[in-house]
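Down below is the structure, laid out as structure tokens.
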Amino acid sequence: MVNFRKAALTDLESIIAIEKKIFGSGSYPAFVVRQLFDVSGHYFIVAEEDNQILGYALGAVNTKQKQAWVLSLGVSEKARGRGLGKQLTEQLIEVLKTEDLKEIALTVFPENKAAIKIYKDLGFEGSPVLNNYFLDNEARIVMTLAVN
Ligand SMILES: CC(C)(COP(=O)(O)OP(=O)(O)OC[C@H]1O[C@@H](n2cnc3c(N)ncnc32)[C@H](O)[C@@H]1OP(=O)(O)O)[C@@H](O)C(=O)NCCC(=O)NCCS
């Protein structure tokens with residue numbers, strides 16, 4: 001049975017391994033994952049089964065702007081198609097919504113159909129495609145979910 005829970009420091013090695021495998025040269029370096037854990041650990045959810053981390057979702061909150069971000073979402077290839085990505089995102093949204101927020105935002109590649117399906121199903125709406133959003137000459141869509 002898959003258990004969704006807050007990430008612990010001892011999960012970071014597995015999270016970093018998944019992040020590297022999935023995102024390759026575009027992955028967050030280990031030190032960034034560690035620092036995001038230190039800053040945003042409260043909004044860091046993992047999916048675990050048989051003592052194995054299968055996926056994670058990480059958020060961050062800008063309290064002044066009343067805006068939260070989904071910073072990363074990843075599920076091991078072997079565990080995909082079981083609804084984990086959607087459930088991780090849902091669980092993260094629930095935690096983020098405990099803050100006083102106007103919206104939750106995220107960025108996604110325009111061709112990332114699986115991720116966009118999850119976000120749309122959960123109520124996110126997309127903006128037009130933004131070129132060079134991360135100064136890497138690639139396009140991204142910013143999607144937002146209004147929170148009341
Ligand atoms: C995106 C990702 C997290 C999805 O994880 P997952 O656990 O397989 O996702 P789920 O099983 O919850 O659901 C995926 C949904 O997308 C659908 N889907 C999968 N591939 C699809 C495709 N090519 N086109 C359209 N829909 C697709 C699935 O049918 C499912 O829809 P459903 O809920 O109606 O059945 C995973 O593929 C991943 O880690 N990708 C690499 C990292 C990434 O892209 N992260 C998001 C960055 S914004």
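The values are calculated or read from the model by the stated rules, or taken from the named source; none is laboratory data. What you see is a predicted model; the values in this text were computed from it and never measured. Reconstructed Cβ throughout: ideal geometry from the backbone, glycine too, with neighbour counts over all protein chains shown.
With (1) under 20 Å from Ser27 (Cβ atoms); (2) surrounded by 12 or more Cβ atoms within 10 Å (Cβ to Cβ); (3) more than 9 Å from the ligand (Cβ to nearest atom) as the list, and Gly55 as the residue in question, which single condition is left unmet?
(3)
From the list Tyr119, Tyr56, Tyr133, exactly one residue is part of a loop (DSSP other than H, G, I, E, B) and of a type outside the set (D, E, K, R). Which is it? Steps first, please.
Details: Tyr119 fails: part of a loop (DSSP other than H, G, I, E, B); Tyr56 fails: part of a loop (DSSP other than H, G, I, E, B).
None of the other options fit; the residue is Tyr133.
Checking the condition touching a Pro at 6+ places or on another chain (Cβ under 7 Å), farther than 19 Å from Val147 by Cα and more than 12 Å from the ligand (Cβ to nearest atom), which residue from Val46, Val129 passes? Walk me through how you get there before you give the answer.
On the way: Val46 fails: touching a Pro at 6+ places or on another chain (Cβ under 7 Å).
It is Val129.
For the stretch 23-35, state whether one or more residues are surrounded by 12 or more Cβ atoms within 10 Å (Cβ to Cβ), in contact with a strand residue (DSSP E or B) (Cβ under 6 Å, 6 or more places away or on another chain) and outside any loop (DSSP other than H, G, I, E, B).
The answer is no, given that none of the residues of the stretch 23-35 is surrounded by 12 or more Cβ atoms within 10 Å (Cβ to Cβ), in contact with a strand residue (DSSP E or B) (Cβ under 6 Å, 6 or more places away or on another chain) and outside any loop (DSSP other than H, G, I, E, B).
Can you pull out the residues in the stretch 110-129 that are loosely packed, with under 14 Cβ neighbours inside 10 Å, among the hydrophobic types (A, V, I, L, M, F, W, C) and at pLDDT 95 or above?
Across the stretch 110-129, the qualifying residue is only Ala114.
State yes or no: is Thr107 outside any helix (DSSP H, G or I) and within 12 Å of the ligand (Cβ to nearest atom)? Full working, then the answer.
Values: outside any helix (DSSP H, G or I): yes; within 12 Å of the ligand (Cβ to nearest atom): yes.
So Thr107 fits the description; yes.
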